[in-house]
Amino acid sequence: MSTIRYPVRRAVVFGANGAIASALISMLCDRPEMEAVYAGSRAPAGPLPNKALPFAFDLLDEASIAQAAATIAVDGPLDLEIVATGVLHEGASLQPEKSWRDFTPEAFARAFAVNATGPALIAKHFLPLLAKDRRSVFAALSARVGSIEDNRTGGWAAYRASKAALHQVIRTASIELARKNAGAFCVALHPGTVDSALSKPFQRGVAPEKLFTPAQSAGYLLEVLDGLRPGDSGRAFAWDGARVPF
Ligand SMILES: NC(=O)c1ccc[n+]([C@@H]2O[C@H](COP(=O)([O-])OP(=O)(O)OC[C@H]3O[C@@H](n4cnc5c(N)ncnc54)[C@H](OP(=O)(O)O)[C@@H]3O)[C@@H](O)[C@H]2O)c1
């Protein structure tokens, strides 16, 4: 079954310096109907394609997110919003845990702040900007390991728990969104295992055909978003369109 390509004229992507985000931005800018792709990052983004408009934000600074929303809102509503930020490891203070002996409050706090609270604050300020007179989509990149039901190997507790919390944020926001904007979707996405700084230390043992390039993953994810159907809001989907249980 071929996917209908819904016109997306105005989009925002958070995490513009990230591997998957930057591939998403390039791909969206290549669409002929695209007018503007707002590209948000902490540090100034590298060279951006035409149609990409850079802006600054930090997930840990709500005022910066509110400011970005206020600025972008002036130009009009958005068809697509993608949160492509996230953290899995960060020096000695955040490393995926192998055992409960490794749990630290610092790692949990950091993972939750970046992977759950930050996207929730983006939802707070950007869900109201979704177009109401046509199909519109809010999507946050999560991870399959955030699925509680799917967890058969253990490990990585802070990252898993923060992504599970993100799933709850997505479900909760989708319920309110359905009341306010019936044509809008709010979903979580699993991008597959993708060659990026985030996955680099954990790529050993991943079969080459299962390690996607950022462009490959971005292409799959945009196809999943194009293919969302009524009833899909509030759910998580993998790169191949398969539903990931919360
Ligand atoms: N790669 C994989 O195999 C894989 C698998 C499953 C899920 N995912 C998910 O996919 C998403 C994107 O990952 P990726 O592979 O593209 O990783 P990446 O290249 O490391 O990108 C992560 C992005 O998050 C941004 N970020 C981190 N903390 C931030 C903060 N406080 N404020 C604003 N931005 C912040 C980073 O910004 P800076 O550039 O400023 O540091 C970076 O742009 C993440 O949610 C990740 O959990 C990835």
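The values are calculated or read from the model by the stated rules, or taken from the named source; none is laboratory data. Since the structure is predicted, the reported quantities are computational estimates derived from the model, not experimental observations. Here the Cβ positions follow ideal geometry from the backbone for every residue, glycine too, while neighbour counts run over all protein chains shown. When the accessible area is computed, the model is the full protein with side chains, heavy atoms only, and any ligands, DNA or RNA have been set aside. Shrake-Rupley method; radii C 1.70, N 1.55, O 1.52, S 1.80 Å.
Some points to look at:
- Close contacts from segment 173-196, counting a first residue that is at positive phi and a second that is assigned to a loop (DSSP other than H, G, I, E, B), with Cβ to Cβ under 9 Å and a gap of 6+ residues or different chains, come to GLY192/TRP239; GLY192/ASP240.
- Some residue of segment 181-189 being in contact with a Lys or Arg (Cβ under 7 Å, 6 or more places away or on another chain) and within 16 Å of the ligand (Cβ to nearest atom): yes
- Residue count for segment 117-140 satisfying the condition of being within 15 Å of the ligand (Cβ to nearest atom), small (Gly, Ala, Ser) and open to solvent by less than 20 Å² (accessible area, probe 1.4 Å): 4.
- Of the numbered criteria (1) touching a Ser or Thr at 6+ places or on another chain (Cβ under 6 Å); (2) within 13 Å of the ligand (Cβ to nearest atom); (3) in contact (Cβ under 8 Å) with a residue 60 or more places away in the chain, the one ALA215 fails is (1).
- Residues that are without any contact (Cβ under 8 Å) to a residue 40 or more places away in the chain, more than 13 Å from the ligand (Cβ to nearest atom) and open to solvent by 60 Å² or more (accessible area, probe 1.4 Å) do not occur anywhere in segment 141-148.
- Some residue of segment 149-161 being within 12 Å of the ligand (Cβ to nearest atom) and closer than 22 Å to ALA242 by Cα: yes
- Against the list (1) without any contact (Cβ under 8 Å) to a residue 24 or more places away in the chain; (2) open to solvent by less than 50 Å² (accessible area, probe 1.4 Å), the condition ARG204 fails is (2).
- Hits in segment 133-182 - residues which are part of a loop (DSSP other than H, G, I, E, B) and among the hydroxyl-bearing types (Ser, Thr, Tyr): SER142, SER147, THR153
- The lone criterion from (1) in contact with a Phe, Trp or Tyr (Cβ under 6 Å, 6 or more places away or on another chain); (2) open to solvent by less than 10 Å² (accessible area, probe 1.4 Å) left unmet by ILE25 is number (1).
- Matching residues, segment 28-48, being open to solvent by 20 Å² or more (accessible area, probe 1.4 Å) and not charged (D, E, K, R): PRO32, ALA43, PRO44, ALA45, GLY46, PRO47, LEU48
- Segment 72-116, residues that are within 16 Å of the ligand (Cβ to nearest atom), open to solvent by 30 Å² or more (accessible area, probe 1.4 Å), not in a helix (DSSP H, G or I) and not polar (S, T, N, Q): GLY86, HIS89, GLU90, GLY91
- Single residue of segment 1-60 satisfying the filter (without any contact (Cβ under 8 Å) to a residue 24 or more places away in the chain and closer than 20 Å to SER196 by Cβ) that is farthest from the ligand (Cβ to nearest atom): CYS29
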